[in-house]
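Just so it is clear, none of the values below were taken in a lab; they were calculated from the coordinates. As the structure is a prediction and not an experimental result, all values here were calculated from the model. Cβ: placed from backbone, ideal geometry, glycine included. Neighbour counts: every protein chain shown.
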Amino acid sequence: MRAAVVGVGHLGQHHARILASLPGISLAGVVDLNRERAAKIASDHGTTAFGEVGEIKDLDLAVIATPTLSHSAIALPLIESGVHTLIEKPVAQTLAEADELIAAARKSGAVLAVGHSERFNPAVAAARPYVNDPRFIEVHRLGTQLGRSLDIDVVLDLMIHDLDLILSMVPSEVESVEAVGVPVLTPKVDIANARVRFKNGCIANLTASRISRDQIRKIRFFQRERYVSIDTAAREVEMYQLVPQPAGLPKIDGGKLVVPGDEPLKRELEDFVAAVREKRAPQVPGEEGRAALALALRIVELMRQ
C-alpha cells in the first residue's frame, strides 16, 4: 500500500521513518511547507518530497502530522476520496470539524484513526489488566516544551494524552469538570490543572505543564485493594495489592511489572495498517479522538471563564 506523511517536523519525521520500514508499505512521498526539511526526510527514506499531498498519486494511506489548525482542511479531501487517514492528536480544532471528518469516513469507508500514541505505550498495555475500577486517578505530565505546538493550549498539546487514557480506562461518563490554567511564557495556557468527576464516583486530577524544569510523565490509579503507577516516559509500571492470608491481616504484595520494549508510535502505525488490511476499526477511532477533544475543549472553556 502506498502511504504519505503530511508534516515531517518533530513527530512527522518519525512517522515517515516507521512507515518506510513496515512490510507491505511503500512510502510514496512526504509533504512539508519547509521544502528543505521535506527534501531531507525524503532523501533519508528513499522517497520524494512534494509541495501538496494532492500531487501524490494512488495513495492508500496518509498520516497528518501538521499543526492542529490545518488537520481538517488537509484530511477531509483525502478521507472523502477514500484514503485511509491517521490524524495526530487532537483530531481537529473544533468538534464541528471532528464531526465532519467522522461523517466523511463513514460515507467513504476510509479508516479514520487518531494519533493518541500513549494508548500504545507498552507500559499502559502492561498496566491495563490491573486497572478495573479506579476510584481516584492522579496524573502529572510536566516538562519544558516551548519549541513546538504553541498554537494550542497545554491542554490540547499535552493533557489530552491523559484525558484520552482515562476516558478509555474509566467505565463511566463524565459528570462534572473543574479547571484552572495560566499563560506564563506564551499567549496560550502553559500550565493547567483539571479535576474530572465521573458519574460512577471516580475522580481524576490532572496537571499538565510545558514550563516545568523536571520532566514527569506519571499516572497513578487508586482502587480498592490495589494501586497501579505508570511512568509513560520511562515505560515502567508498579503494582501493589492486598493479598488475603489464611490467618491474620492481609499482606501487601507487588512491585515492578514486566514491560516490553516496543516503540509506541510503531505499535500505533502497525495497528492503523492492520485496521486497513483487516477492514476493522483502529484502536483509537475518530469517535474516541472526538471524545478526548470534547473533554479537552470543555476544560479550555472553563479556564477562560
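Side notes on the structure shown:
- In nm, spacing of pseudo-spin labels at Glu301 and Ala233 (7 Å Cα→C-beta vector): 3.3
- Taking the square roots of five times each eigenvalue of the Cα gyration tensor of region 253-305, the equivalent ellipsoid has semi-axes of 29, 23, 9 Å, listed largest first.
- Cα-derived Rg over Rh, computed across region 102-246 with Rh taken as Kirkwood radius: 1.02
- Taking 0.36 nm per residue of sequence separation and removing the Cα-Cα distance, the Asn34/Arg277 pair yields an extension gain of 84.3 nm.
- At R0 = 25 Å, FRET efficiency that the Cβ-Cβ distance of Val258 and Arg135 yields, to 0.05: 0.45
- Other residues whose C-beta falls under 14 angstrom from the C-beta of Val63 contribute a net charge of -2, scoring Lys and Arg +1 and Asp and Glu -1.
- All-pairs alpha carbon distance profile, the chain, 20 Å steps from 0, percent: 32, 56, 11, 1
- Net lengthening on full extension, Lys251/Lys57 (0.36 nm per residue, minus Cα-Cα): 63.5 nm
- DSSP beta bridge pairing in the chain, given as percent antiparallel to the nearest 5: 60
- Computed lengthening from Ser43 to Ser26, 0.36 nm per intervening residue step minus Cα-Cα distance: 4.7 nm
- Candidate lysines for bridging to Lys256, where Cα separation is under 29 Å - those fewer than 8 sequence places away on the same chain excluded: Lys218, Lys266
- Förster radius 41 Å - calculated FRET efficiency between Leu185 and Tyr240, Cβ distance, rounded to 0.05: 0.60
- The Kirkwood hydrodynamic radius of region 168-305, based on inverse pair distances between different Cα atoms, is 18.4 Å.
- Cα→Cβ-extended label distance, 7 Å offset, between Lys107 and Glu270, nm: 3.6
- Near Arg290, once Lys and Arg are set to +1 and Asp and Glu to -1 for all other residues with Cβ below 14 Å from its Cβ, the sum equals -3.
- Region 49-170: C-alpha pair distances exceeding 17 Å, %: 63
- Taken as Cα centroids, region 280-305 and region 109-123 sit 14 Å apart, rounded to the nearest whole angstrom.
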